[in-house]
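Take a look at the structure below.
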Amino acid sequence: MAGEPQADCLFCKIVAGDVPATVVRESQEIIAFRDINPQAPTHILVIPKAHYPDAAALAAAEPQLAADVLVEAGEVAAEENIAPSGSGPGTGYRIVFNTGSGAGQTVFHAHAHLLGGRGFNWPPG
Ligand code: AMP
Ligand code: ZN
């Protein structure tokens with residue numbers, strides 16, 4: 001059934017507590033934890049506990065939950081002091097959903113990367 005835990009999914013194992021993670025925020029539906037290989041001073045993954053392979057599948061099946069992931073990411077950003085508060089490097093953040101292996105997705109359980117604490121280039125590369 002859509003959204004059910006998958007035995008071979010790393011993030012379902014984190015949700016279940018079978019794989020350890022540094023959790024920074026948790027609600028009934030969502031968990032946020034630090035990325036094990038951070039690409040910025042703040043790099044947190046915000047995920048729905050329900051299993052969907054990517055952000056589009058999540059949004060199609062449970063649009064409110066997809067929106068809640070974004071709200072949660074904003075709240076984590078505020079807690080981490082990376083919410084926009086001026087101009088220049090280190091203020092503001094990126095939320096990234098890699099979708100498909102060609103775009104760098106390696107874990108096929110929908111997750112938002114919340115990145116901040118440094119400057120960013122555009123285009124992102
Ligand atoms: P993606 O490449 O967009 O699918 O993102 C997967 C992310 O999960 C990568 O940034 C990895 O560094 C991160 N990751 C992999 N294993 C773990 C883990 N056990 N705990 C925390 N983050 C992880
Ligand atoms: Zn999963």
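One table, with the values for the structure above:
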| quantity | calculated |
| --- | --- |
| Residues residue 79 and residue 99, FRET efficiency given R0 of 41 Å [Cβ-Cβ distance, rounded to 0.05] | 0.95 |
| Where only C-alpha atoms are counted, convex hull volume of the chain per residue in Å³ | 110 |
| Angle between the chain longest axis and helix 63-79 axis [Cα atoms, degrees, rounded to 10] | 40 |
| Student exercise, the chain dipole from Lys, Arg, Asp, Glu Cβ charges, in Debye to nearest 20 | 400 |
| Cα shape, segment 5-51, gyration tensor, a/c 1.5 rule | prolate |
| Percent accessible area from carbon and sulfur atoms, segment 10-116, protein chains only, probe 1.4 Å | 53 |
| Å² per residue, accessible surface of segment 1-123 at 1.4 Å | 55 |
| Computed FRET value (nearest 0.05) for residue 34 with residue 2, which takes r as the C-beta separation and R₀ as 30 Å | 0.60 |
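The values are calculated or read from the model by the stated rules, or taken from the named source; none is laboratory data. Small disclaimer: the values here were computed from a predicted structure and weren't measured. Don't worry about glycine lacking a Cβ; one is built from the backbone with ideal geometry, like all the others, and counts go over all protein chains shown. Please note that ligands, DNA and RNA were not included when accessible areas were found on the heavy atoms of the full protein model with its side chains. Shrake-Rupley method; radii C 1.70, N 1.55, O 1.52, S 1.80 Å.
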